[in-house]
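This report concerns only the one structure given below.
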Amino acid sequence: MLRPYLPFLLLLLFVVANAAGMIGLSHLVGPKRPTPLKDAPYESGMPPLGSARERFSIKFYLVAMLFIVFDIETVFLIPWGTIYFGGAGGALRMGFLLVEMLVFLAILGVGYVYVWKRGALQWD
Amino acid sequence: MTLDLSLTRDLLTALLPELMLTGWALVLLVVVAWRHRTGGDLRVAGGIALAAFATTAAVVWWLWWNSAAAQGYAPMIAVDDFRFISDWLFLGTGALTVLLSMRYLEREALLAPEYYVLLLFSVLGMMLMGGGSDLMVVFLGLELMSVSVYVLAGINRKSPKAAEAALKYFLLGAFASAFLLYGIALVYGATGTTNLALIGAQVTSLHLEHGTLLLIGLALLLVGFAFKVAAVPFHMWAPDVYDGAPTPVTGFMATAVKAAAFAALFRVLGQAFATTVAWHQIVSALAVATMVGGNLVALAQRSLKRMLAYSSIAHAGYVLVAVAAGNASGSAAFLFYLVAYTLTTLAAFALLAVKGRGGESDVLIDDLSGLATERPWLAFALAVCMLSLLGFPGTAGFMGKWYILVAAAQSAQWWLAALLVLTSVVSAGYYLPVIMVMYMRPAPSAAAHADVRLGRLAGAAVTLAVVGLLFFGIRPNRLLDLSAAGAESLRTPTAAAVAPPGN
């Protein structure tokens, strides 16, 4: 009964082995020249110590929001692609699917043009 | 013209108004991307928005003129007179809001032509709410409308009050949306469908009239809608948000947003829950609380904007009486009252917008003293609005209230009818002082009203609204016939829509 899930188990094992192998190998083989700065805990390029209640630039939120919007676009493209290239349905239905996705992309394109011209993609 | 909504071409025809408005909004968004720096750009954007509303209204008219009707199994979008009439109401309110905003935005240095894009998108959401015959479409429209209006409420980024209003509206609105969505989920759980006509059919065939799951779902739906129409006890956000938002946006929120929520509520109750009697009591109770609460608190307001905010809450109570009546005359009165109320309130907020100046829109009622001698036409328009809100004979507000009263009496809801009359009398206590102050008190200084000017566009909008108010007050027949036809169309087509395919 659980047989269809075997590939998932294999994938899981592969992922764990892959990650462990990479970290382990670089630990064993890689050269080590520590400095105090390198030994500090890594915190996405920010100073790791200090108050946690710092104020972030609002630009981070803007970028995060725009990322979500265009990320969702990609997420929508994938199931659409499996249906479209899976070839279920006649030529008319395929044409409809294509037009639908083009309309969707055009609407997102308008958003992209707006965001670009309004300067939301510029950091300064 | 009968549209078979299972065919792509016919479905696109039925959706033509919405598609049209979407296209315009996208075009405007591109235009705004390049032109967003000067007052001239604002005017261009406003002009495009007006063109969008006008052409979309023409497309709706074309569908109506060809008496378009839907055929086919459980469509997502309704094609009936109710949808067309509510579309006209939303588009008209949107167009009037554009006219009122042109000068206001320049005066307040709100150089954000995105304002008009958001206006277009929110009207699009309203059209989906008024026309959606599936709970998912209604919810989608509600979110589209709400998200746009959240931003509109906070469009004045320099004002902390506007930011507070926007944040408050957003947080509470998101909360209310969750209630609505949970209600949809429970109704779906009880009936196995989100289509309004199918829900109605399932309730009858499975005898779910007193089913616990369905009733809880219905109650949650009512909470969601009651929040959007600001019915007591879900009204707490309204005065603060109305107070903080830019005045034309407040006018838009108090009229179109409320009308859209009412239209959706009315369609949902009429088509999906026609046989579920439980909501009559809930809506009656809401109406009582809203009429009493709104009117009594409005009495205590000194600020004109807050007074109008509470007055709009009170009026939601009157409309709820029409909903609670649940008979044919109640439905006709419902649409009529929405039109009358929209015209009146929008004009009142327009006049308030010109009086409040220099970013500070806190106009006290006493600030209006002597307006009649300095600006007689403005004072006259505001007086007509106040009389119409009060329900004075000769104005559309009176006819609307009269029809609601008739409907309540016909359905033997004597308590509601009596309370409507009593609270209307109470409301004279805050509408009449406005007129008294304008006409019977001298201006505090010679220059008190020197900079109160409507401008040509807003003047045209207010004139249109006031003439409409007086016209419908004297000759209400055409509008009443139209709204009766709209209400009728809501009741009849369900049987055809429910018939399974192949029958």
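Taken together, the values in this text are just the output of simple stated rules run on the coordinates, not laboratory data. Keep in mind that this is a model prediction, so the values were computed, not measured. FYI the Cβ positions are ideal-geometry reconstructions off the backbone, even for glycines, and counts take in every protein chain you see.
What's the FRET efficiency of B:Trp414 with B:Ala278 using the Cβ-Cβ distance as r and R₀ = 30 Å, to the nearest 0.05? According to the calculation, E is roughly 0.90. Projected onto planes of every orientation and averaged, the convex hull of the alpha-carbon atoms in chain B covers 21.6 nm².
When only the Cβ of Lys, Arg, Asp and Glu is charged (+1, +1, -1, -1), the dipole of the protein assembly as shown relative to its Cα centre reaches about 1000 debye.
Sorted on the mean count of surrounding Cβ atoms within 10 Å across their residues, most packed first, peptides B:228-237, B:276-285 read B:228-237, B:276-285. Return the lysines within reach of B:Lys258: Cα separation strictly under 28 angstrom, same-chain partners fewer than 8 residues apart disregarded; answer none if there are no such residues. Answer for B:Lys258, where 28 Å is the Cα cut-off: B:Lys158, B:Lys161, B:Lys168, B:Lys228, B:Lys305, B:Lys355, B:Lys401, listed by chain and number.
Using the Cβ-Cβ distance between B:Ile474 and A:Phe96 with R0 = 35 Å, the FRET efficiency computed as 1/(1 + (r/R0)^6) comes to roughly 0.10. Compactness of the range A:3-117, taken as the C-alpha radius of gyration over 2.2 N^0.38 Å, stands at 1.74. Placing a label point 7 Å from the Cα of B:Ala163 along the Cα-to-Cβ direction, the residues of the range B:226-262 whose backbone N falls under 16 Å from that point are B:244-246.
Each of B:Ile474, A:Ile78, B:Ile155 has some number of other Cβ atoms within 10 Å of its Cβ, and from fewest to most they run A:Ile78, B:Ile474, B:Ile155. Averaged over peptide A:113-123, the number of partner chain Cβ atoms lying within 10 Å of each residue's Cβ comes to 3.
Label sites at A:Phe76 and B:Leu111, each approximated as a point 7 angstrom past Cα along Cα to Cβ, lie 3.3 nm apart.
With a 10 Å cut-off around each Cβ of A:46-53, the average count of Cβ atoms from other chains is 0. A crude spin-label estimate for the pair B:Val30 and B:Glu209, with each label 7 Å from Cα along the Cβ direction, gives 5.6 nm.
Rg/Rh, computed from the Cα trace of the protein assembly as shown with Rh as the Kirkwood radius, has the value 1.03. Summed over qualifying helices (DSSP H, 4 residues or more, each -39500 (n - 2.57)) and divided by its residue number, the protein assembly as shown shows a 222 nm mean residue ellipticity of -24500 deg cm²/dmol. Straight Cα distances below 16 angstrom link A:Lys32 to none of the aspartates and glutamates, with same-chain residues fewer than 8 positions distant left out.
Applying the criteria of a DSSP loop state and at most 11 other Cβ atoms within 10 Å to the trypsin sites (Lys or Arg not before Pro) of the range A:16-124 yields A:Lys32, A:Arg53, A:Arg55. Put simply, when A:95-101, A:2-8 are sorted by average Cβ atoms within 10 angstrom per residue, most first, you get A:95-101, A:2-8.
Legend: calculated FRET efficiency, B:Leu299 to B:Asp362, from the Cβ-Cβ distance at R0 = 22 Å, rounded to 0.05, equals 0.70.
Going by neighbour counts of Cβ atoms within 10 Å, the residues A:Ile68, B:Ile216 line up, fewest first, as A:Ile68, B:Ile216. Counting, for every residue in B:27-34, the Cβ atoms of other protein chains within 10 Å of its Cβ and taking the mean gives 4.
With θ taken as phi - 60° and the Karplus curve 6.51 cos²θ - 1.76 cosθ + 1.60 applied, the whole-hertz 3J(HN,Hα) list for the range B:52-63 is 4, 5, 5, 5, 5, 4, 5, 5, 4, 4, 4, 4 Hz, x standing for glycine and proline. Footprinting exposure proxy ranking of B:His210, B:His449, fewest other C-beta atoms within 10 angstrom first, gives B:His210, B:His449.
Distance from the alpha carbon centroid of the range B:44-116 to that of the range B:237-271 works out to 16 angstrom.
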